[in-house]
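**Q** There's a structure below that I have some questions on.
The values are calculated or read from the model by the stated rules, or taken from the named source; none is laboratory data. The shown structure was predicted, so the numbers you read here are calculated from the model rather than taken from an experiment. With ideal geometry, Cβ positions are generated from the backbone for all residues, glycine too; neighbour counts draw on all protein chains shown.
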Amino acid sequence: MDKKTRILGIETSCDETALAIVEASGGLKNPKFKILKNLVASQIKIHRPFGGVVPNLAKREHLKNLPILLKKILHSKFYILNSVDLIAVTVGPGLEPALWTGINFAKALTDADHTQTNAEKIRRKSASSLRKSAIKLVGANHLEGHLYSFLLSQKSRITHHISSIKDIFPAIALIVSGGHTILLLMRSLTKWKKLGETRDDAAGEAFDKVARMLRLPYPGGPEIEKLALRQAQGKHPRGTINFPRPMMHDKSFDFSFSGLKTSVLYYLRDNPKAKKADVAASFQKAAIDTLVYKTIRAAKEFGAKSVMLSGGVAANKLLRKTLKTAAKKIGAKFFVPDFKYNLDNAVMIAVAGYIVHLRKKRYKLAAQGDLGI
Ligand code: KG4
Ligand code: ZN
């Protein structure tokens with residue numbers, strides 16, 4: 001019978017405190033995940049007045065939320081925690097003060113000799129029910145979490161869709177979040193090469209900055225999407241403004257979004273009466289065009305059997321739809337996680353932890369703000 005591994009995932013790299021319990025099986029050949037618990041405490045309301053994430057506020061909130069979330073898990077499914085085999089905690093990339101809260105929390109759960117502060121006593125009380133000696137602790141890479149979240153899509157359930165995970169490679173993976181825009185060529189679940197990345201702003205960052213120009217609240221991505229949907233109901237569904245698509249046609253697989261963002265700024269300065277919905281839709285279209293164009297060009301060039309999309313910006317419906325259609329056109333399979341696994345969560349960290357653990361690759365258990373992929 002397939003050996004099952006119960007994993008507690010911990011995520012505190014930015015403005016979401018998240019804990020999850022995931023049951024993994026199948027190994028690297030046919031990984032499968034059953035999500036037993038997925039808790040996310042969002043700090044959006046706390047950071048919103050500042051128009052972005054404030055690292056020290058994030059740290060304070062993580063410290064407050066972590067024991068609360070753990071208690072919730074204990075109360076609802078005590079027996080589950082009692083049989084945790086592995087703890088996976090995000091070690092980077094992200095905000096270092098925020099990352100440390102998760103790492104120290106994970107250490108407190110596994111390390112009996114940790115000095116006890118008051119907050120830790122609460123954690124320890126909860127932790128006392130864990131089989132300390134048997135629990136392994138691994139560091140997880142947040143970007144690998146996003147990357148592997150394609151395994152969490154209903155449609156991508158490997159057994160339903162394809163006979164073996166090998167059949168989906170080579171694959172082109174696009175990771176688009178608030179901090180990153182990365183294009184990878186995946187040869188297997190554990191071997192990949194970075195083809196390109198953003199040279200300036202990340203795609204999500206551009207959405208957030210343009211949203212701010214339009215006086216929309218943080219985080220801007222979903223707000224731009226909502227506004228663009230209003231435009232979509234009119235005569236010019238994708239917007240009327242022809243914003244530039246920087247680097248779309250150059251030879252590299254890199255991206256650039258700062259020029260696009262600046263064009264929006266100048267457009268708003270020169271057209272104070274511009275329709276916000278039109279600006280949002282036109283900007284969104286320009287950003288998506290570049291992302292899709294380069295991803296598909298890479299897929300064609302490397303004969304990809306599939307295309308994967310992940311990260312916060314992958315929650316954008318138009319991006320999902322456009323990339324899916326384009327992938328289909330070239331005969332590639334398309335994988336995107338279910339909506340709830342696009343934004344930061346601890347399920348994807350548990351998944352990344354499982355794979356790192358199987359690979360026997362080890363990340364240092366220390367905050368690494370600039371950790372790459
Ligand atoms: O992956 P994520 O939750 O956090 C990071 O690791 O950065 O991504 C957050 C980013 C934000 O910039 C947010 O504006 C963007 O994802 N985002 C979206 C949408 N939902 C979130 N961008 C475009 N459309 C959306 N629906
Ligand atoms: Zn993220």
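**Q** When the stretch 330-347 is examined, which residues are found to be under 25 Å from Pro170 (Cβ atoms) and assigned to a helix (DSSP H, G or I)? Full working, then the answer.
**A** So the first thing to find is which residues in the stretch 330-347 are under 25 Å from Pro170 (Cβ atoms), and the list is 330-338, 341-342.
The answer is Tyr341, and nothing else.
**Q** Continuing with this model, one more query. Residue check, Tyr218 against (1) within 14 Å of ligand 1 (Cβ to nearest atom); (2) buried (at least 21 other Cβ atoms within 10 Å of the Cβ), all met but one. Which one?
**A** (2)
**Q** Answer yes if at least one residue in the stretch 246-254 is at pLDDT 95 or above and either more than 24 Å from His146 (Cβ to Cβ) or of a type outside the set (Ser, Thr, Tyr) (or both), and no otherwise.
**A** Step one: of the stretch 246-254, the residues at pLDDT 95 or above are 252-254.
With either more than 24 Å from His146 (Cβ to Cβ) or of a type outside the set (Ser, Thr, Tyr) (or both) added as a condition, the list becomes 253-254.
Within the stretch 246-254 (the criterion being at pLDDT 95 or above and either more than 24 Å from His146 (Cβ to Cβ) or of a type outside the set (Ser, Thr, Tyr) (or both)), the answer is yes, since at least one residue qualifies.
**Q** Does Ser263 meet the test of being more than 16 Å from ligand 1 (Cβ to nearest atom) and either buried (at least 20 other Cβ atoms within 10 Å of the Cβ) or not assigned by TED's automatic domain parsing to the domain that holds Lys209 (or both)? Walk me through it before giving the result.
**A** Numbers: more than 16 Å from ligand 1 (Cβ to nearest atom): yes; either buried (at least 20 other Cβ atoms within 10 Å of the Cβ) or not assigned by TED's automatic domain parsing to the domain that holds Lys209 (or both): no.
Considered against the rule, which asks whether it is more than 16 Å from ligand 1 (Cβ to nearest atom) and either buried (at least 20 other Cβ atoms within 10 Å of the Cβ) or not assigned by TED's automatic domain parsing to the domain that holds Lys209 (or both), Ser263 comes out as no.
**Q** Might you check whether a residue that is away from ligand 1 (no atom under 16 Å from the Cβ), in the same structural domain as Ile355 (by TED's automatic domain parsing), more than 21 Å from Tyr363 (Cβ to Cβ) and not hydroxyl-bearing (Ser, Thr, Tyr) occurs anywhere in the stretch 81-99?
**A** yes
**Q** Name the residue, out of Lys64, Lys34, Lys3, Lys72, that is under 19 Å from the mean Cα position of the chain (by Cα), free of Cβ contacts under 8 Å to residues at least 60 places away in the same chain and farther than 26 Å from His180 by Cβ. Step through it out loud before you land on a result.
**A** Values: Lys64 fails: under 19 Å from the mean Cα position of the chain (by Cα); Lys3 fails: under 19 Å from the mean Cα position of the chain (by Cα); Lys72 fails: under 19 Å from the mean Cα position of the chain (by Cα).
Only one candidate passes the filter, namely Lys34.
**Q** Residues in the stretch 61-76: is at least one touching a Phe, Trp or Tyr at 6+ places or on another chain (Cβ under 7 Å), on the phi < 0 side of the Ramachandran plot, more than 16 Å from ligand 1 (Cβ to nearest atom) and not in a strand (DSSP E or B)? Full working, then the answer.
**A** Applying the first criterion (touching a Phe, Trp or Tyr at 6+ places or on another chain (Cβ under 7 Å)) to the stretch 61-76 yields 66.
Filter again for on the phi < 0 side of the Ramachandran plot, leaving 66.
Next cut, more than 16 Å from ligand 1 (Cβ to nearest atom) only: 66.
Those still in the list that are not in a strand (DSSP E or B) too: 66.
Among the residues of the stretch 61-76, at least one is touching a Phe, Trp or Tyr at 6+ places or on another chain (Cβ under 7 Å), on the phi < 0 side of the Ramachandran plot, more than 16 Å from ligand 1 (Cβ to nearest atom) and not in a strand (DSSP E or B), which makes the answer yes.
**Q** Could you give me the residue pairs with C-beta distances under 6 Å whose first residue belongs to the stretch 124-153 and is on the phi < 0 side of the Ramachandran plot, whose second residue is away from ligand 2 (no atom under 16 Å from the Cβ) and at pLDDT below 85 wherever it lies, and which are 6+ apart or on separate chains?
**A** Sorted first by the residue in the stretch 124-153, then by its partner, the pairs are Ser126/Leu74; Ser129/Asn82; Lys132/Ala112; Phe150/Ser156.
**Q** Would you pick out the residues in the stretch 221-260 that are β-branched (Val, Ile, Thr) and within 14 Å of ligand 1 (Cβ to nearest atom)?
**A** The first filter runs over the stretch 221-260 and keeps only residues β-branched (Val, Ile, Thr), leaving 224, 240-241.
If the condition is that a residue be β-branched (Val, Ile, Thr) and within 14 Å of ligand 1 (Cβ to nearest atom), then Ile224 is the only one that fits.
**Q** Quick test of your reading of the structure: Ile135 fulfils all but one of (1) closer than 20 Å to Lys34 by Cα; (2) assigned by TED's automatic domain parsing to the domain that holds Asp15; (3) of a type outside the set (Gly, Ala, Ser); (4) at pLDDT below 75. Name the failing condition by number.
**A** Status for Ile135: all satisfied but (4).
**Q** Separate question: What do you reckon, is Val313 away from ligand 1 (no atom under 12 Å from the Cβ), assigned to a helix (DSSP H, G or I) and crowded, with 17+ Cβ neighbours inside 10 Å?
**A** Numbers: away from ligand 1 (no atom under 12 Å from the Cβ): no; assigned to a helix (DSSP H, G or I): yes; crowded, with 17+ Cβ neighbours inside 10 Å: yes.
No; evaluated as a whole, the condition is false for this residue.
**Q** Suppose the filter is more than 16 Å from ligand 1 (Cβ to nearest atom) and either at pLDDT below 95 or not β-branched (Val, Ile, Thr) (or both); does Gly52 pass it? Explain how you work it out, then say what you get.
**A** Working: more than 16 Å from ligand 1 (Cβ to nearest atom): no; either at pLDDT below 95 or not β-branched (Val, Ile, Thr) (or both): yes.
No, not satisfied.
**Q** While we're here: Being of a type in the set (D, E, K, R) and either surrounded by fewer than 20 Cβ atoms within 10 Å (Cβ to Cβ) or free of Cβ contacts under 8 Å to residues at least 40 places away in the same chain (or both) is the filter here; which residues of the stretch 343-372 pass it? Break it down stepwise before answering.
**A** Initially, the stretch 343-372 is screened for residues of a type in the set (D, E, K, R), giving 344, 359-362, 364, 370.
If the condition is that a residue be of a type in the set (D, E, K, R) and either surrounded by fewer than 20 Cβ atoms within 10 Å (Cβ to Cβ) or free of Cβ contacts under 8 Å to residues at least 40 places away in the same chain (or both), then Arg359, Lys360, Lys361, Arg362, Lys364, Asp370 are the ones that fit.
**Q** Name the residue, out of Ala327, Ala350, Ala366, that is closer than 21 Å to Thr17 by Cβ and assigned to a helix (DSSP H, G or I). Reasoning before the result, please.
**A** Working: Ala327 fails: closer than 21 Å to Thr17 by Cβ; Ala366 fails: assigned to a helix (DSSP H, G or I).
Answer to the check: Ala350.
**Q** Return the residues of the stretch 23-47 that are buried (at least 18 other Cβ atoms within 10 Å of the Cβ) and assigned to a helix (DSSP H, G or I); say none if nothing qualifies.
**A** Within the stretch 23-47, His47 is the sole residue that qualifies.
**Q** Out of the residues in the stretch 204-232 that are within 16 Å of ligand 2 (Cβ to nearest atom) and within 17 Å of Leu265 (Cβ to Cβ), state the one that is nearest to the chain's Cα centre (by Cα). Explain how you work it out, then say what you get.
**A** Just the residues of the stretch 204-232 that are within 16 Å of ligand 2 (Cβ to nearest atom), to begin with: 204-208, 218-222.
Imposing the further condition that a residue be within 17 Å of Leu265 (Cβ to Cβ) reduces the set to 205-208, 220.
Numbers: Glu205: 14, Ala206: 16, Phe207: 16, Asp208: 16, Gly220: 16 Å.
Among those residues, the one meeting the criterion is Glu205.
**Q** Among the listed residues Thr90, Thr101, identify the single one that is at pLDDT 90 or above and part of a strand (DSSP E or B).
**A** Working: Thr101 fails: part of a strand (DSSP E or B).
The conditions single out Thr90.
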